[in-house]
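The structure under discussion appears below in the form of structure tokens.
The values are calculated or read from the model by the stated rules, or taken from the named source; none is laboratory data. Computed from a prediction, not measured in an experiment: that's the story for all the values here. When we count neighbours, we look across all protein chains shown, and the Cβ atoms used for this are built from the backbone with ideal geometry, even at glycine.
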Amino acid sequence: MMKKGFKLIFSALLALTLVGCSCDKGYNVKLTESKEVVSGSKLNETITTQDIYDYISQASTSPKNKAFILELVKIILKEKSGYKSGELTSTYNYKLKKYFEDNFINDNSYKVNGEFDEELLVATLRSQMAQIGDPITGATGVTYDLGLKYDYSKYIANNLDYDIYIELLKEDYISNNKSTILNKSKSRIITVYSAENLEDMEELVQDIFSGEYDSLEDLEETKRAEARKELGRQYCENLGLPNEYYLDENGDMIESCSPTKSSYDSALSKFTTCANSTMCSLKDGFDYQIKLANETEYLDKQLINKDTTEVLYENLLNQLLRDDIKDMLVGNQKMEDIFGNKYEELGNFVVTRTADLNSFDPKDIIHASGPDSTCYIVLVKVVDSSTENIDDKQMALEKLHSKVSDTSVLLHYVDDMNVELLEETLKEAYKGIFK
């Protein structure tokens, strides 16, 4: 068995190796017998500090060394992290899904006529020597849930897993061991709806707090439904083609429309144009316009923190990062006086105008300096160590990876292991990689 001194030697070594080391190549302190660590290994009779240094410092250039660190991190996450049952898998799946969406599915480089083309993606990745397997019928998993049919398992293992698992470890470290990093980040999740003028905003505020909309997402879907109905009206009244989106007051499809020549010509051009201005049939053109209406975003949802640098809605950023914003948004008596219990049901709203924000106060529901300026409704969620919603906290933690180094994170978990667990961890990692 390892002696207690091993833990300290390994920890000190890890600190050196991840930041650089000028170790003497002849430095050959015996840590443990290789027979005890890896049965049947091709390594030398002993595993030395220099061996460990090489495995870690060469992780970026040596596939085997990188794989060793990955196995070490996986074991740490399983044995020592604060992830609850199922959370580690679900967060990993979330990150993998987001990677494929952001880098492939939503990337115009892999679209043909405005639509994602998996064949183009696979051809591109294979041309870069990536290992992409053939399609698998009936398979399940993150990529298949996204509608992809090829086998990306080796690509994920070789190109994505290392970074994803390091991120998972960093996020666990910040959440459970360095919560001050999150608390001092001033993280806020904001959801913003823009109104073109004061009149529209006043009407919208009344509708929200009268209960016509349950949420801003409900408002967004209502706007999409209105856009679909307008397309249906144009398709019927301008082209004479009834459709499921143009209904009468009873919810029945309007069967009779009489287009004029002028309206027919303009509508014909609109509804025979598909993605990338390509000509298409009337049916395909109508379906394309409906698709655009369904994809139109009326809300801007994003996470901001004290490191956010871009101008946000004409300097609203500074107001949202105020240290007392949490106190202002929770239990504000004047907000409750105005909206009653509905304020508590809807959450933390800041409704403000773009002008004269030096005197900003959430109780000034609409701060008006003129009738024609853009107005915003901003739903604010403050995210800190007390936040219970996993998805909200995840958004905040993803922005904080750079606040901690790989060195400090790995060192923390290794230091926190007892000698027996550390020995078993190394034994398992070595067996899986060095044979």
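List of remarks:
- Residues of segment 159-180 that are under 16 Å from Leu70 (Cα atoms), over 17 Å from the mean Cα position of the chain (by Cα) and of a type in the set (Phe, Trp, Tyr): Tyr162 alone.
- Of everything in segment 181-202 that is more than 21 Å from Leu77 (Cα to Cα) and part of a helix (DSSP H, G or I), the residue that is nearest to the chain's Cα centre (by Cα) is Asn183.
Yes/no matrix, rows are residues, columns are (1) assigned to a strand (DSSP E or B); (2) free of Cβ contacts under 8 Å to residues at least 24 places away in the same chain; (3) under 30 Å from Asn389 (Cα atoms):
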site: Asn93; (1), (2), (3): no, no, yes
site: Ser109; (1), (2), (3): no, yes, no
site: Thr124; (1), (2), (3): no, yes, no
site: Ala139; (1), (2), (3): no, yes, no
site: Tyr155; (1), (2), (3): no, no, no
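- Flag for Asp163 being free of Cβ contacts under 8 Å to residues at least 12 places away in the same chain and under 25 Å from Lys84 (Cβ atoms): yes
- Those residues of segment 75-89 which are assigned to a helix (DSSP H, G or I) and in contact (Cβ under 8 Å) with a residue 60 or more places away in the chain, in sequence order: Ile75, Ile76, Leu77, Glu79, Lys80, Glu87, Leu88
- For segment 183-220, filtered to residues that are among the aromatic types (Phe, Trp, Tyr) and touching a Phe, Trp or Tyr at 6+ places or on another chain (Cβ under 7 Å), the residue that is modelled with the highest pLDDT is Tyr193.
- Residue check for Thr260: closer than 25 Å to Asn106 by Cα and over 28 Å from the mean Cα position of the chain (by Cα): no
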